[in-house]
Amino acid sequence: MVPTAAQQTIRFTLNGKPVEARILPHHNLVEMLQDFGLFGARESCGQGLCGCCTVLVNGNAVSGCLYLAAFIDGADVVTVEHLASAGTLSPVQEAFLETGAFQCGFCTPGFVLMVHQLLDRNPEPTEEDIRHYLSGNLCRCASYREIIQAVRSAAEKRKSCATG
Amino acid sequence: MMPFEIAEPRSLREAIGLLGRDDPSVRPIAGGTALMLMMKAGVFRPTRLVSLRSIEPAFARTTLGAEGELRIGALASLSSLEHSQAVLNGAPVIAKALRTLSNVRVRNVATVGGHLAHADPHMDLPPVLIALGARVSVLGPSCDRLIPVENLFAGYYETVLARDELIAELIVPPQGGRRAAYLKCTTRSADDWPALGVAVALDTDGTAVHEARIVISAATHKPTRPVAAEAILRDGISDAVLRRAGAAAAEEAGVISDTHGSAAYKRQLVRVYVERAVRAALAIPTGKQRRA
Amino acid sequence: MKTTTKETSQVGRSIPRLEAREKVTGRAEYIHNMRLPGMLYGKIFRSTLAHGRIRSIDVSAAAAVAGVHRVITAEDVKTVIPDPYYGPVFHDQPILAMDKVRHVGEPVAVVLASDPHVAEQAAQLIAADYEELPAVFDEVAATGSPVIVHEVLRPAGMFPDFKDLAGRKNTNLHLDFKLRRGDVETAFAAADHVFEHTFHTRQIMHTPLEPIVSLAESTDSSVTLYTASQMPSVVRMEIARLLAWPENRVRVRTAFLGGGFGAKTYIKVEALVTVCSLLTHLPVKISLTMEEQFYTITKHANTLRLKSGVTKDGRITSRLCEVWWNGGAYADIGPRLTQKSGFTAAGPYDIENVHIDSYAVYTNLPPAAGLRGFGIPTLTWAYESHTDLIARALNIDPLEFRRRNLLREGRPQATGTIMKDAAIDAVLERLAERMDWHAPFDRGSGVIRRGRGIAIGFKASISNTTSVAIVNACGDGSCSVYCNTVDMGQGSDTALAQIAAEALNIPAETIKVIHADTDVTPYDMGTLGSRSTFHMGQAVKLAAEDARDKLLALAAELGLPPETTPIAQIFRKKFGMQAGNVVGIGTFNPKSTQPDHATGLAENITPFWMIGGTGAEVEVDTETGHVRVTRLVNIADVGTPINPGIVDSQLSGAAMMQFGCTMSEGMEFDAGQVTNASLADYKIPGIRDMPDQIINEVVEARQDTGPYGAKGVGETGTFGVSPAITNAIHDAVGVRLTRLPVTPEAVYRALRAANNDALEEE
């Protein structure tokens, strides 16, 4: 027998706006975001290992495919779509674009969000810091070299924004 | 995944009441990273999950106790530990081990209590905590108890906890003057689960060793102390002693074959890594240029 | 005709990808994201047996689940398609298993529901009863095995040279390609030295991070497929053939692909979603999970035996190559690979006597086909390991040994085709320079030993294929390119825009490349085999030139100065307002000759050659067998690069992919079941696995027949990686790895064995 489940309503902040969602208890965060038309977080490996489903919850990067939607109730959720919502790319996005730090682009939102969090916590990471921080994100096109360059470039951009 | 019910108790006691002793389809969930994997794979099909996310916030705090011990709430996230000043001061080996534990996103969500209760032998913290002599306080419906982490694991993915018992707190004695290290060896990729974890904590004075604890994990069914190897270290540190200790640990650890490597190969890894871990703890250079 | 802002040549510019902004904002379109109103999700029920006769399938429990729309088996499929077998070389693969299952994971039934969780749970309630048959897994054993995977061969007819295989019975050997040049046996007898080595590889999974996905919607007379496919034109033809419909009733659309690497070629789940949609009259989407991909398409496991006769001064006089390709249960494009890559199995060397046997073999494993290199990285691994071993045995520097035997411009390749526009020597020489080959080298000390190795490989392009492109200039002078080349990360949208821009004399950034929609985009054989820059590039160039010539003629006819009038002004003069189009069309179909059936010889085997060389420096931990690649140097002949920045990232991306195949990737099986079918256990390279230093360089070269001198590049970086690393390990610690992947345990065991102290098995 396949049991049926009752829907529940959750309220949370999504990309700066208060929202409400009807969800089922076994749905994950990525599935719920799709109902909001947000596809930047995408399930790939399904095991939290590739980072394609990265979402920021209360300022922390999480694997959306391993996060129950029910646990989002009351939380502050930011997806990659929010970073350029004002029409301007964030310094990290700009750096990814300029260094060509992606090929197929499927893993890119995850990397971009992780780099945002990395630079928030550690504005001047060494290459070793970068490699450690991004070790849970996979890029099958292997743009890793360019991604490291992009992180360095983004760190510079953010520094000059802050001082300029 | 199949539908289930989620209960959101407001206290740890209430959570324990909701768990029940007999129904394996009811389980507590905290960060849920490991549980989600099991549910997605269909190896665990809950009827009810008891969420620990709304219990008393005190259970997510890390504080320094009266005797300098770290008191880490079971709901503390692994990343909160990684960046905790109390942990960096009191047990830097824990903070260092956390850096390569799974990945940032898992550490942001996974909790200390969940990490220990999951009892996956490939976890990185249990060997470190056992080496440091840490204990967990466990609450149950009738009695509460303190269990050394060393005695927490009953086997492969198995703890001594009853279904309606919950880890409330992790208590880590101060690292103090002890020199400690954790080395993780992966065989399939850098970001893999360990094929072998070796933690050591040494109470030393020059080359004399008063107390040595070695813990082998990942290559064994559960974290294991090779006591003969520990005894050898008490002979005092020298190249020959380290070699003997490594060999003894490889012999006694109960290494098993799995997808990370054959038992014969992993015994060799134990031999090498016990020696390297002791050298790392004591900051003795090895023949191997260390790569960060 | 003049445009406003062009300042530099459009070709040779490292502009960012045209779609860069969409990709960094998460807004790029993938089929993965698509949903249609009323859509059903399909979940596949798969065989748990490697080989068995289907007695019965019980879907009643699944069909009874609330929310299940329908459960479909082969019986239902036959009501829509009476002969539901597909495949590019053989019609061997049923849309759902009929009569037999031939590998674990073969689709047997599919559950359709509007909630994917319901479909997934219901699929677990299906029960199939099989009569278990003996199974065969090893590619060499399968050639003489009484276990027969397919009773009779049914060539598909797409490739005319396979027609003679029709009706061949009771064999797992479904293609044996032969090349016979000179007389190897006589040459072996006369040689000063004869060397023989055998190598093995394991099955590999492509692991595109966007798993295979297709969505179909249909009416009674038409079907539209939205599919993450590298081959929209071929999907259209094959679906039309299955349905016995004209092509124009099947519409195939693609978007950006989240990686392809050869996994998303020919038919994968397109036929299944089409049938499901026709049966339900609703849109149906099937998204494979990462695990399911391991059972859907892979790269061959191989056994390779090489034997060479060599003179005492280091000239290779003869080479015999026997290659077994483990094709799994369905041939897919494997036989083509067996032939097309097979003829290069002796390597880029000038060898008088060559004997090649390349065998495509059915087994009861998941199907295998091309993965970034179409077999070449595997062949290169074997012949460059073999070559290195010979050089070492003769005490000749590996670089010098290669120089003595190199296949140079103007010399005949093993097929007899004369080498042209193939910078093999330049690649080797630049590789030596970038590796500082003649400088002193730190060999390490203590438990860490250092070594270095080089390797060079080559590949023929896919031949006798066609690309068609349309260039459309609008009334305001903006231009679009219509083509079926699919951008799966290789940057084809950008490169093709640059080519069109060069011909039209406008900035590449202003051109739009229309993604495949077979109702409007013209035929192309497929985005594979590094063929797009060359083939589609040339078609786009022809189309753009056609449009340009028409615009120039129109300007002249209108009395406007043709070279200086902006496009928009030409239209305005012609129509009196912003209106109209000028459409240019280009078709490119470079001719080549197929290898002779008996000898494998051909005078013009390929439209162009790709050349790739790699050098590796490694550190080996002699106590654990861990290998760290500290430096990886990739040198390539890509002709004249269209976009040097994208070319550079293609080279390191390809090299890292093969790095994974070398160091960690390899599917493991238990009775045909994949025991590491997840990224938790099948480890692709992460950022911390990456070598400390990766250096890429393209040599000065020009492909005369290519668009603005360019040739393909997507696979070139893969060729030399595996042998460069195993040669470097040999250099460091004196042991030879003859199996991939090179796990630390394999290295450590080899070290112990070399020390006459073999490590016990368990």
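By the count of other C-beta atoms within 10 Å, a proxy for reagent exposure, A:SER44, A:SER160, A:SER135, B:SER257 are ordered fewest to most as A:SER160, B:SER257, A:SER135, A:SER44.
Ordered by the count of other Cβ atoms within 10 Å of each Cβ, fewest first, C:HIS174, C:HIS438, A:HIS27, C:HIS197 give C:HIS438, C:HIS197, A:HIS27, C:HIS174.
For chain A, the longest principal axis of the C-alpha atoms and the axis of helix A:144-163 are separated by about 80°. Computed from the Cβ-Cβ distance with R0 of 60 Å, the FRET efficiency linking A:SER160 to C:ALA127 stands at 0.40.
Looking at this model, which pairs from C:LYS23/C:LYS340; C:LYS264/C:LYS340; A:LYS159/C:LYS23; C:LYS163/C:LYS264; C:LYS23/C:LYS285 are more than 27 angstrom apart at the alpha-carbon? Distance filter (> 27 Å) returns C:LYS23/C:LYS340. The mean number of Cβ atoms from other chains found within 10 Å of a Cβ in peptide C:686-697 is 6, as a whole number.
In terms of surrounding Cβ atoms within a 10 Å radius of their Cβ, C:TRP245, C:TRP609, C:TRP437, B:TRP193 rank from fewest to most as C:TRP245, C:TRP437, B:TRP193, C:TRP609. Bridging of C:LYS574 to aspartates and glutamates at a Cα separation below 15 Å is possible for C:ASP476, C:GLU557, once same-chain residues fewer than 8 apart are set aside.
In chain C, Cα pairs under 8 Å separated by at least six residues give a relative contact order of 16 percent. Shielding by partners for peptide C:205-218, expressed as the average number of C-beta atoms from other protein chains within 10 Å of each residue's C-beta, is 3.
Comparing mean-square fluctuations of A:VAL19, A:VAL92, A:VAL115 from a GNM of chain A with C-alpha springs under 10 Å, the top value falls on A:VAL19. For the residues B:ALA95, B:ALA201, B:ALA240, a GNM of chain B with alpha-carbon springs under 10 Å puts the largest fluctuation on B:ALA240. Long hydrophobic helices in chain C, taken as whole DSSP H segments with a C-alpha length of 24 Å or more on their own axis and mean Kyte-Doolittle hydropathy at least 0.5: C:644-663.
Straight-line reach from C:LYS541: taking Cα to Cα under 20 Å and skipping same-chain neighbours fewer than 8 places apart, the lysines in range are C:LYS2, C:LYS6, C:LYS512, C:LYS550, C:LYS591, C:LYS711. For segment C:456-472, backbone phi angles converted through the Karplus equation (6.51, -1.76, 1.60; θ = phi - 60°) give residue-by-residue couplings of 9, x, 8, 9, 7, 6, 5, 10, 6, 10, 10, 10, 10, 9, 10, 10, 10 Hz, Gly and Pro being listed as x. A Gaussian network model of chain B, with springs between Cα atoms under 10 Å, assigns the largest mean-square fluctuation among B:ILE167, B:ILE232, B:ILE216 to B:ILE232. Helix B:263-282 axis versus longest C-alpha principal axis of chain B: approximately 80°, rounded to the nearest ten. Cross-link reach is defined here as a Cα-Cα straight distance under 15 Å, omitting same-chain residues fewer than 8 places apart; for C:LYS420 the aspartates and glutamates meeting it are C:ASP350, C:GLU409, C:GLU603, C:ASP637, C:GLU700, C:ASP704. When each of the peptides B:133-145, C:63-75 is scored by the mean number of other C-beta atoms lying within 10 Å of its residues, the order from highest to lowest reads C:63-75, B:133-145.
Rule-based calculations on the coordinates, nothing more; no lab input. Just so you know, these numbers come straight off a predicted model, no measurement behind them. Note that we place each Cβ from the backbone using ideal geometry, even for glycine, and neighbour counts take in every protein chain shown.
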